[in-house]
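Here the structure comes first, spelled out in structure tokens, and everything after it is commentary.
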Amino acid sequence: MKDNVGESKTHQFIGKASLSHKMSLKRSWRRFNMHQFKLQGGKSVEDAVNDMLLDPDVEFAEPNYIFEKQSAGIEGAPMSAMEAIDAVNAMGGADSFNQTAADINVEEAWAEMSSNSNVPIVAIIDSGVDYNHYVFVESGAIWKNEDEIPGNGIDDDGNGYIDDVRGWNFAYNNNDPMDDDNHGTHVAGIVLGTTQDILKNPSVDPAKIRIMPLKFLDQYGSGSTSDAIEAINYAVNNGASVINNSWGGTSFSQSLQDAILTAYNHGLTFVAAAGNATNNNDESPIYPANYTIPNVISIAATNYSDSLASFSNYGSSTVHVASPGVSILSTLPNDSFGYSSGTSMAAPFVSGLAAMLLREQPDINGYQMKGVVFDYSYGVGGLYGKVASQSRIDALKAIQFVQDNNLDAYQPEWTGSRSLAADGSAGGGGCGMIAKVLSKHNNKNGRNTPPWGQTTLLLSILFAPLIMMNILRIRRKRILDNRRQFPRYNIESEVKINVGGRQLVGQVSSLSLGGARIDTEALLEDGGVVTLSIESPDGKQQIQVEGRVVWSEEKKAYGVQFCDAKDDALAAIGGWTKRFGIAD
Ligand code: CA
């Protein structure tokens, strides 16, 4: 529901949905005034979504999309611990993650780890974890909810879940997150194995991190958006600092983005598999990896010779860093071990590394973590043009950096595009481009107020890629200099959009990581060209960007598409902040 919709109108809406539209309320997220309905049959999901969108009190409506695990299953038969050790020795390796040419230096990093008592919690949102596996039992790696008394049928800690002593099963809504696939157990073993050798006797090697099993994928490796959101909220509310997400799908979900944003605002790191379709994610997005929230780290997979795995998705701007993901040996249910491949296996190395770094500095937030993992990695020629960092992770470099440098607690505000993303595949043409950057000598008095109407049309101006480039550049510089970061782009600026003969004026604040959203009653025809003017904070300069209005079939909404907003705009915005006395 829209922000200004109160309780009684919400009740009315829910009543109408069940009476007129034959839908039953399944779940509500009060914090967002967001509601999940179940269709009673006879009506398609698309029709139900479209009906809801007609209600003026509805901000967005979307299907409960399904996501899938990002691995192809287990290679070969499950092995005992002895067989697994023999297999590793046969490869000439000293630890279970010996990746020949692609060694991410975990053993070297272990030698550097401080002996402190921090135990960061990594939430594994997956198919569950075999928490009875001897590696997890004897190392004490599974997170325990100390505030919950087991088996008394009471939600002792008041977190909304009864007897959730070791996480939750969102797929079947019970307190047993046991793995009925094998995916989550394999992923959990990689996370733990990044911080210690899981083939060594775990009883003499107590875990330095904790695994929080949050099951939302079913036994076939599929899970729903609403369950994923619940799992993310659980991780945020119950002390996790890192969330591993070895799953994905091609549908953009606003509600999932909102949940990840909540995690971001709480400082969590969100690691996501880039996917296994050999796709360019810059062109064919996969979620959650492609969300532009700055705590989301999208991970490609590399092979034993340190090049991109044949199946791995890539993307020079949307996939951030690579990590080993071919034939990774890890834990499997029933005290066994086995090999598996996928970006599902690459992501947990990064989650494990993040946990390792959080032991050294427990306050590193997701924004900073992304920067450290990105910058303190190992450059690989073959990853040029494939991942943004052109690098594969390096645990030793990263841990040495966080040991030598105190990171301040800064992270930028992310407002993002609250409504929709312009969909290039839908509109049939014409990327916007920077029209001009010009100096401005205007009078300030003729400012009109936009005619806010009741049939509002949401225009999301997507500056995320351009802004991200800036953020990445600045963050790199900041980390290198290790000095205080200023909220550089936290500016208030005026935005004008020319639609036909009319000029609509609005404010954009915090240009740092978002975009502008202009509500207007003007009806735009698909394919119309709009000009967006952004005024510098001192009012002396304007950037003009041309964009094309496109209809997104997927989001059932109009958006404005800008494709080439790059160098000129970057230079101009960079100049604006300089004028405010902020050193480059
Ligand atoms: Ca509880």
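The values are calculated or read from the model by the stated rules, or taken from the named source; none is laboratory data. Only a predicted model underlies this, so the values are computations on that prediction, with no experimental measurement involved. Here Cβ is always computed from backbone atoms with ideal geometry, including for glycine, and neighbour counts include all displayed protein chains. With ligands, DNA and RNA removed, areas are computed over all heavy atoms of the protein, side chains included. Shrake-Rupley method; radii C 1.70, N 1.55, O 1.52, S 1.80 Å.
What is the extension gain from Asn406 to Asn4, computed as 0.36 nm multiplied by their sequence separation minus the C-alpha to C-alpha distance, in nm to one decimal? Computed gain between Asn406 and Asn4 is 140.6 nm.
A Förster radius of 35 Å, combined with the Cβ-Cβ distance separating His266 from Asn201, puts the computed FRET efficiency at roughly 0.45.
Charge dipole (Cα centre; +1 on Lys/Arg Cβ, -1 on Asp/Glu Cβ; no other charges) of the range 68-405 amounts to roughly 820 debye. Computed on the range 68-405, with alpha-carbon pairs under 8 angstrom and 6+ residues apart, the relative contact order is 24 percent. A cut-off under 12 angstrom between Cβ atoms defines the neighbours of Gly381, and their net charge, with Lys, Arg +1 and Asp, Glu -1, is +1. Its relative contact order, with pairs defined as Cα atoms under 8 Å and 6+ residues apart, puts the range 231-285 at 44 percent.
For the pair the range 127-184 and the range 329-408, the centres of their Cα atoms are 26 angstrom apart. When Thr292, Thr269, Thr250 are compared by accessible area at a 1.4 angstrom probe, the order from most to least is Thr250, Thr292, Thr269.
Computed with every protein chain present, the accessible area of Ser377 is close to 10 Å² [probe 1.4 Å]. In the range 68-405, a dipole from Cβ-located charges (positive for Lys and Arg, negative for Asp and Glu) runs towards its positive end, and of Ser305, Phe337, Ser71 it is Ser305 whose Cα lies farthest in that direction. Taking the DSSP beta bridges with both ends in the range 247-323, the antiparallel portion is around 20 percent. Across the range 67-80, computed HN-Hα scalar couplings (Karplus, 6.51 cos²θ - 1.76 cosθ + 1.60, θ = phi - 60°) run 10, 10, 4, 10, 9, 9, x, 7, 9, x, 7, x, 10, 6 Hz from first to last residue, x flagging Gly and Pro. Return the subset of Lys144/Lys208; Lys144/Lys215; Lys16/Lys43 for which the Cα-Cα distance in this structure is over 22 Å, preserving the input order. From Lys144/Lys208; Lys144/Lys215; Lys16/Lys43, over 22 Å: none. A cut-off of 5 Å between modelled amide H atoms, ignoring neighbours fewer than 5 places along the same chain, links Glu148 with no other residue.
In this structure the amide hydrogen of Tyr378, modeled in the peptide plane, comes within under 5 Å of the amide hydrogens of Arg392, Ile393, Asp394, none closer than 5 places in sequence on its chain. Going by accessible surface with a 1.4 Å probe and the largest first, Tyr304, Tyr264, Tyr161, Tyr172 read Tyr172, Tyr304, Tyr161, Tyr264.
Among Val119, Thr318, Val236, flag the residue with its Cα farthest along the positive direction of the charge dipole of the range 68-405, charges on Cβ as +1 for Lys/Arg and -1 for Asp/Glu. Farthest along the dipole direction, towards plus: Thr318.
Each residue of the range 39-45 was assigned a 3J(HN,Hα) from its phi angle through the Karplus curve 6.51 cos²θ - 1.76 cosθ + 1.60 (θ = phi - 60°); the sequence is 6, 8, x, x, 10, 7, 4 Hz, with glycine and proline shown as x.
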